[in-house]
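The values are calculated or read from the model by the stated rules, or taken from the named source; none is laboratory data. Quick caveat, the model's predicted, so the values are computed rather than measured. As a convention, Cβ positions derive from the backbone with ideal geometry for all residues, glycine included, and neighbour counts pool all protein chains shown. SASA here: full protein model, heavy atoms, side chains in, ligands and nucleic acids out. Shrake-Rupley method; radii C 1.70, N 1.55, O 1.52, S 1.80 Å.
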Amino acid sequence: MEIWPVLVELKIPENVGFIARVAKNFGIKRLCLYNCKVTEESYHTAANAKDVLENAVMIEDLQEFLQKMNLVVGTTGVPGGDYKYLRKELLPPEDLPSIAKGRVAILFGREDYGLYNEELEMCHVLVRIPTSEEYPVMNVSHAAAVILYFLREVESSGEDDETATSRDIEVLLSNLVEMLKMVQYPEHRIKRTVVIFRRILGRARVKKYEVHSLNAIFRKTVSYIKRMNRI
């Protein structure tokens, strides 16, 4: 198991250092930074975890990086509902160990806006820490501490090489989209359908051979429709 905390455009330098410190507290030496503000204050708050911050991976293309992961976990303090499908299915952090295998990226978003919708769409699972309704949104470094605490023991288990990667799932979803378009599935519903499939497959922790089997079904269906259209 490899846990990869991914900090997305954090604006407060101290928070970057605090999360580096939290990661090291739980034995996680990897840290990924995507457009984060890192200053001397970051190294000050990192304390004895300066090495984690110094060795952090700088991400230029978030989507490309996440495609190398087996599971992409988003974090949010805002619950969804029937009309907010991006945040509809939220897991408590204690449920993460049961599905976390292979390379697992945990996305922590901006202090003010969290993760944008296009980033939430890339996630297989969303996690929300149960908090008081009077003050539900946590500081990002505190949220990281809670979530990484539940993953501290899972991190040491062996990686499952047979688990499908995010890239495998995205290939499957592209084939699904092609099939939906060919059967004239409503265009405005395709995006939502893709997100729902991505979440289902993420929670299921599908294997590579399972993804390949589903891909074969979609490709065969598309091929059959093309032949029928030529008749």
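Tell me which lysines have Cα within less than 16 Å of Lys50's Cα, excluding those fewer than 8 residues away on the same chain?
Once the sequence-local lysines are set aside, what remains near Lys50 is Lys24, Lys29, Lys37.
Against the 2.2 N^0.38 Å scaling, with N counting residues, where does the chain land? I'd like the Cα-based Rg ratio to two decimal places. Please report the intermediate quantities before stating the final value.
Numbers: Rg = 19.1 Å, N = 231, 2.2 N^0.38 = 17.4 Å.
Expressed relative to 2.2 N^0.38 Å, the Cα Rg reads 1.10.
What is the ratio of the Cα radius of gyration of the range 1-49 to 2.2 N^0.38 Å, with N the residue count, to two decimals?
Values: Rg = 10.1 Å, N = 49, 2.2 N^0.38 = 9.7 Å.
Taking the Cα Rg and dividing by 2.2 N^0.38 Å, one obtains 1.05.
Measure off, as a whole percent, the carbon and sulfur share of the 1.4 Å-probe accessible area of the chain, all protein chains present.
Numbers: 6280 of 12260 Å².
Accessible surface attributable to carbon and sulfur in the chain totals 51 percent.
Using the beta-carbon distance between Asn117 and His212 and R0 = 45 Å, what value does 1/(1 + (r/R0)^6) give for FRET efficiency, to the nearest 0.05? Don't skip to the end; give the middle numbers.
Values: r = 30 Å, r/R0 = 0.67.
Taking R0 as 45 Å, the efficiency between Asn117 and His212 is 0.90.
For the range 1-136, with only Lys/Arg (+1) and Asp/Glu (-1) charged at the beta-carbon, what is the dipole magnitude about the Cα centre, in debye rounded to 20? Write down the numbers at each step before the final one.
On the way: 15 positive and 21 negative charges, 85 e Å.
The calculation lands at about 400 debye.
Which one, Val127, Val146, Val16, has the greatest fluctuation when you compute a Gaussian network model over the chain with C-alpha springs under 10 angstrom?
Val146
Give me the percent relative contact order of the chain, please, defined on Cα pairs under 8 angstrom at least 6 residues apart. Walk me through the intermediate numbers first.
Working: 402 pairs, mean separation 54.0, N = 231.
It rounds to 23 percent for the chain.
Considering only Val171, Val73, Val195, give the residue with the highest GNM mean-square fluctuation for the chain, with springs between Cα atoms whenever their separation is below 10 Å.
Ranking Val171, Val73, Val195 by mean-square fluctuation puts Val171 first.
Please name whichever of Ala46, Asn15, Ile3 sits farthest to the positive end of the charge dipole of the range 1-51, dipole taken about the Cα centre and charges placed at Cβ: Lys and Arg +1, Asp and Glu -1.
Ranked along the dipole, the leading option is Ile3.
With every protein chain present, what is the per residue accessible area of the chain (1.4 Å probe, Å²)?
Numbers: 12260 Å² over 231 residues.
Ligands and nucleic acids excluded, the result is 53 Å² per residue.
May I have the pair-distance distribution P(r) for the range 2-101, computed from all Cα-Cα distances with 10 Å bins from 0 and rounded to whole percent?
Pairs per bin, as whole percents: 14, 40, 35, 10, 1.
Springs between alpha-carbon pairs under 10 angstrom, Gaussian network model over the chain: which of Ile147, Ile19, Ile106 fluctuates most?
Ile147
Within a Cβ distance under 10 Å of His124, other residues only, what is the Lys/Arg minus Asp/Glu net charge? It would help to have the intermediate numbers written out before the result.
Details: positive: Arg198, Arg199, Arg203, Arg205; negative: none.
Charge balance in the 10 Å sphere: +4.
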